[in-house]
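The values are calculated or read from the model by the stated rules, or taken from the named source; none is laboratory data. Small disclaimer: the values here were computed from a predicted structure and weren't measured. Please note: Cβ atoms are built from the backbone with ideal geometry, for glycine as well, and neighbour counts cover all protein chains shown.
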């Protein structure tokens, strides 16, 4: 329409509007038909929608049948406050048309608030199982004790059962900075959490599972040994609970498994070469095959902001000091994926949850791992983005064949704290990845987002292009 002038201007505008409207209708129709086996659009979605408030610590779970995707997170009270307050959940069904409304897991007030710890979720059937930490305050507004709490919610009705107390920490000098949950084949919950000083001189990992539906009834056990232990993660498979954690004292990643009838196995004492300092392990298991992923940096000194990190994984059947690089399968002496952490932690007043790479792992139906993490991308150590890579199968003793050998960025916004899940089994040699993460909206605002690797599976048109030729 270049060259239209005078009285034809109105006609040109009308035609442009009509074309835009037609394009929009076409896009909506195309999107609806683009992936007929998907019941909701696996495209970027703002889940917390707070705009001016910090929403943090997303955790994601996919139901065993791939039908449900569930994300939980913690929010602050308001845009000016520094304290976290509430825990929320949102769920999407493949056959139900997309994301439902926020479900309130915990609503904080002046006497109790969501603690500075993550909330975590596991799903079976149409029920979400949520584990989180609540700080109880005295009359001066000071934390007097902390509680690990558990709650189940129906994903179809949005209704939640009453809160249950898993563990009570009455010594206010101890924090509970990390919790994790998994479900066994019968849908029973198994939980782990870390207990340590705010400035750790002592760190412990505990495990519990309810008896006849009642927590804190005799099953609580310490998992780690006498060291500063932190960052626990848990998975379940074939009658065993698998727990992994970081031994900060000896710069090691450790793990052990537990069967109800036999108790705990021996602690595997080293999963990383001695010349590296590892952190932030995560674990996934399928049909007895264990995958553990972590980040690590050269040397064993104190971690500093903006240092170089590598991403490693271990597969059961390997020697305990053997590991490979995520994305390339190279041994440590050939690691090539150099990532940097960030030094810009002022947005959460120095919250260490955004330091390092913080990888998350999930396994598909064929035992193939998918890994997501965050890292600096701008070169100045003050910008984050989210990366992912995956493999179709679990491979063999020589390692897995990563489909994406160089990890690909989902996008280049200010993103961090990513977690991953895998959807319905794919027959097209792809994996349908579900990812949740935090996105920075302003100096004091982060929202929790959902995304996937399926953008190219949908027909899409950038509407501004429709009118670019108009003069």
Which ranges mark the strands (runs of 3 or more DSSP E) fully within the range 49-167 that have 1 or more residues being on the phi > 0 side of the Ramachandran plot?
55-62
Residue, modelled with the lowest pLDDT, within the range 313-362, restricted to residues that are part of a helix (DSSP H, G or I) and over 16 Å from residue 295 (Cβ atoms):
347
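The rows are residues; the columns are (1) in the same structural domain as residue 243 (by TED's automatic domain parsing); (2) under 23 Å from residue 66 (Cβ atoms); (3) loosely packed, with under 14 Cβ neighbours inside 10 Å.
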position	(1), (2), (3)
107	yes, no, yes
116	yes, no, no
122	yes, yes, no
149	yes, no, no
164	yes, no, no
169	yes, no, no
177	yes, no, no
193	yes, no, no
Residues 207, 132, 139: which one is buried (at least 16 other Cβ atoms within 10 Å of the Cβ) and either in contact with a helix residue (DSSP H, G or I) (Cβ under 8 Å, 6 or more places away or on another chain) or more than 23 Å from residue 225 (Cβ to Cβ) (or both)?
132
Count - residues of the range 153-162 that are crowded, with 17+ Cβ neighbours inside 10 Å and within 11 Å of residue 105 (Cα to Cα):
2
Of all residues in the range 387-423, how many are within 23 Å of residue 448 (Cα to Cα) and at pLDDT below 90?
11
Quick one: is residue 365 at pLDDT 90 or above and either over 29 Å from residue 274 (Cβ atoms) or not in a loop (DSSP other than H, G, I, E, B) (or both)?
no
If residue 172 satisfies every condition in (1) within 24 Å of the chain's Cα centre (by Cα); (2) over 18 Å from residue 259 (Cα atoms) but one, which is the exception?
(1)
